[in-house]
Each structure stands twice: as structure tokens, then as C-alpha cells.
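Asks: I have a structure I would like to understand better, so I am pasting it below and will then ask my questions one at a time.
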Amino acid sequence: MAKQVDFGAFVVDGLNVTPLNRGPLDRLTFAAKDIFAVKGHTNSAGNPTWEKTHEAASQHAPAIHRLLENGARLRGMTVTDELMYSIKGDNIHYPPTINPRNPDTFSGGSSSGSAVAVASEAVDFALGTDTGGSVRIPSSYCGLYGIRPSHGLISLEGVIPLAPSFDTVGWMARDPEILAAVGDCLLPEQTLESYTSIYLLSEAWDLIQSPSVKETLLHYIDLLFPGKKLETCHLPETVTLDRLAETFRILQGWEAWQSHGSWIKENHPVFGRDIAGRFEAASKMKQDDAYRQAAQLKTLHSKYMRQLLGQSSLLIIPTTYGPAPSRNATFEEGEKVRAQTMKLTCIAGVSGLPQVTIPLMDDGRPVGLSFVSGYGTDRQLLEFVRKTAVR
């Protein structure tokens, strides 16, 4: 018998929480990022000090409960980057999460274990959270379908926060049918419309420096919309991707410190170098002029994006800066990839809009192509992806 490969996805495997009812998710198994409350389980949030200083949950988070009610079985809890404050997929307290599609590269984070559990076929789908890209990025790196839903549509009760005005419950799957089926269980009802306008955001496509990656993504778009010339759109002059990324950094940092600063000062947890640096910077954040300017730009960007897309328009962008970075990359190289990638993820993240990433392959390496649509059109977006997926 062949030895089963351990991809390092799980913090706790074999919970095997059985379904509460039969439903549309019958016979499907899922995993959850170790920040979702599961009755009787103590979350780690990616850090052993957190686990030691918190109690076991007395009930399931609503998102977990909803999936169990619809027939799914929870296999176990998955690794996350520490307190969800990274997109790399590397936690000093656990063995590395191995990217099944490209083992020499990072899996992406912070929902790293969830992505690896799905990509390795240990489960059919997995829950994660997405604040700055923590579902979209590992989905892209591991060759999965993944969704960051409209902010506020799915309850975050029973989920450890990072930055509440950006936090969302997301999920990932190997095929669009399951991705949509999970959405049918978690998302509110919606009247489905057709997309009448399709846009390519010029600034996002200009970020992609690899001709091969850009060609792969644009070729797929040609397959989706044969013979159709898509419209190019631009951000307002005052809203550059650099400013958007800085806006996200400031607001996320301030909120992250409000969420966890007191606990950090009281318990002195050991963090990896990058996480420690971010919390150190976050501890200095104030609601000063820079914060107020960031809040104003967030409002401006949200208004522009929601007016642009409405209920019947679609925006197409690359999910990430490129394929997953090599595990041999230097710390500085990794930070550069993070900075460039955040310019892409903040487009939907700062405006609170739904985004679905789909998996493509470029020279044997997974890359993601993303679709962003209007606020609250999540089911419509999932149905579009399900119907148009070119397998």
C-alpha cells in the first residue's frame, strides 16, 4: 500500500462532527480554519499561547452549524497563519503546509491549511476567512476555486476576528459546483441577473509582469467571451492601487491592534518575524490624519466600485501577482510579493465586494483569475462561474 502523504493541513484531524440533518451537502466532507468555534474544541488561531489562554467553545459558529444542518460532515480544523495576519502560509509553530500542486512553493495564507486540505483531496471543501486575501490567495496558489463574499453577508459570530470591517467568511473547493452549493447554504436568497457589462481593470492588469501569466489569463477570458471586445476601465485619479493598499494597511492595522493588542500585551506570545513586525507596526497606529484619510478613501472607492458594477456588471482581474513564491525565496522577496499582491486583493476587499477566483495553469504552475461583482450579487457570481467554467 502506498504511504499517504501528510501535507500538514490539519491542526486537529478526525473531529468527524456528524451532520445535523440531511440536505444538499449530503456526503460532502469539509474542514474549517482553526478560528471557527466548534463545540468542545479550543481554537489555536495559529498560536499555542492563544490556545492556552482560551476555553473550548460551548457551541458551533453559525457558519459551521449551517453547513452541518445542510448535510456536510466536519472532518477537522486546519492550520492558519498566526492570528490570520499573513498571506504567506508559513507558521513557525507547525510543520509547513505543503502545496499539493507545487510542493516547492508556499501554499498561501492565512487560510493555508484549508486550501491544502482541499487541494490534497482530504475534504471536498473548506471554510476560511478572508480579510486581505486569505481565501483568494491560497486558492490561487493551490489551484482551487475560492470566494470572498460581500462583507457582512455571512455571520462572523463565533469566528476569531482580525479586522472586523474587512473580515469575511469564505470557502474553497476543487470544482465550481461544490463552491456554488456551499454558497446556496450560507448566502441569503438573491434574484439572479445576467451580466450585461464586462470590464477589465487596467491598473490591475498592468501589475502582472510575467508575459506568460498574462497570456494564460487573457486566453481564458477569450474562451469565455469569444469574439467579444471587453471594456477597459480605470480607477478614479485619486484612487491608485498604491493608495488603496496603503489604505487597507492602515485600517487593518488599527483594527487588528484593537482586536488583539490587549491580549498580546498581557500574554507576550511568540510570533514569527513577519507577524511580529506587523503587530509592532499596528501597535503604533492611531486615529490620526493618516487614518482619517484612509477611511475617506475607503468610502470613495466603495462608492465608485458599487456604482460601476451595480447588479449586472462584472470586473475581471488577476487574483495574485503571479504563481506561488518559492520556499527558497528570501524574506525580502516574500515581502515584495506580498506588497504587489495586496494591491490586487484590496480592490474588492476595501470596497466590500464579492470576488471569486478560478484556477488556471501556467507552465505547470497554478495561477488565479478573478471575477468581482456588485454588492450582494454573490449567488449570481457563483452561478456565473459554475455555468461558464471551462474544464
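Asks: Report, in whole Å, the centroid distance computed from the Cα atoms of the range 151-223 and the range 6-21.
Replies: That distance is 25 Å.
Asks: Next question, about the same structure. For residue 43, list long-range residues whose amide hydrogen, built 1.01 Å from N in the peptide plane, is under 5 Å from its own amide hydrogen.
Replies: HN-HN under 5 Å from residue 43: 57.
Asks: Given the C-alpha atoms of the range 10-186, compute the convex hull and give its volume per residue in Å³.
Replies: 94 Å³
Asks: Output the Kirkwood hydrodynamic radius of the range 133-238, Cα pairs only, in Å rounded to one decimal. Show your work: numbers first, answer last.
Replies: Working: mean 1/r = 0.0599 Å⁻¹.
One decimal place: 16.7 Å for the Kirkwood radius.
Asks: Let me ask something else. According to the Cα gyration tensor, what semi-axes, each the square root of 5 times an eigenvalue, does the equivalent ellipsoid of the chain have, listed from largest to smallest in whole Å? Mind dumping the intermediate values first?
Replies: Details: eigenvalues 163, 127, 88 Å².
Over the Cα atoms of the chain, the semi-axes work out to 29, 25, 21 Å.
Asks: Do you know the relative contact order of the range 197-388, to the nearest whole percent, from alpha carbon pairs under 8 angstrom that are 6+ apart?
Replies: On the way: 234 pairs, mean separation 54.5, N = 192.
Relative contact order comes out at 28 percent.
Asks: While we're on this one: Starting from the amide H of residue 201, placed 1.01 Å from N in the peptide plane, find each other amide H under 5 Å away whose residue is 5 or more places distant or on another chain.
Replies: HN-HN under 5 Å from residue 201: 233, 316.
Asks: Rounded if a/c is under 1.5, else prolate if a/b beats b/c, else oblate: with a ≥ b ≥ c from the C-alpha gyration tensor eigenvalues square-rooted, which is the range 286-391? Write out the running numbers ahead of the final one.
Replies: On the way: a/c = 3.42, a/b = 1.05, b/c = 3.26.
Oblate, since a/c reaches 1.5 and b/c is not below a/b.
Asks: For the range 1-108, go through all pairs of different Cα atoms, get the mean of 1/r, take its inverse, and jot down that Kirkwood value in Å. Numbers along the way, then the final one.
Replies: Working: mean 1/r = 0.0672 Å⁻¹.
Mean inverse Cα-Cα distance, inverted, gives 14.9 Å.
Asks: For the range 226-270 and the range 279-311, write down the distance between their C-alpha centroids in whole Å.
Replies: 8 Å
Asks: Would you work out the relative contact order for the chain, in percent, from Cα pairs under 8 angstrom that are 6 or more residues apart?
Replies: Values: 892 pairs, mean separation 73.7, N = 391.
Rounded, it is 19 percent for the chain.
Asks: So if I average 1/r over every pair of distinct C-alpha atoms in the range 184-337 and take the inverse, what Kirkwood radius in Å does that give?
Replies: Values: mean 1/r = 0.0525 Å⁻¹.
Taking every pair of different Cα atoms in the range 184-337, averaging 1/r and inverting gives 19.1 Å.
Asks: Name the most mobile residue of 329, 117, 276, meaning the one with the largest mean-square fluctuation, in a Gaussian network model of the chain with Cα contacts below 10 Å.
Replies: Residue with maximal mean-square fluctuation among 329, 117, 276: 329.
Asks: Per DSSP helix of 4 or more residues, -39500 (n - 2.57); summed, then divided by the residues of the chain. What does that give at 222 nm, rounded to the nearest 500?
Replies: Details: 12 runs with 148 residues, N = 391.
Calculated from helices alone, the mean residue ellipticity at 222 nm is -12000 deg cm²/dmol.
Coordinate-derived values only; no laboratory data. What you see is a predicted model; the values in this text were computed from it and never measured.
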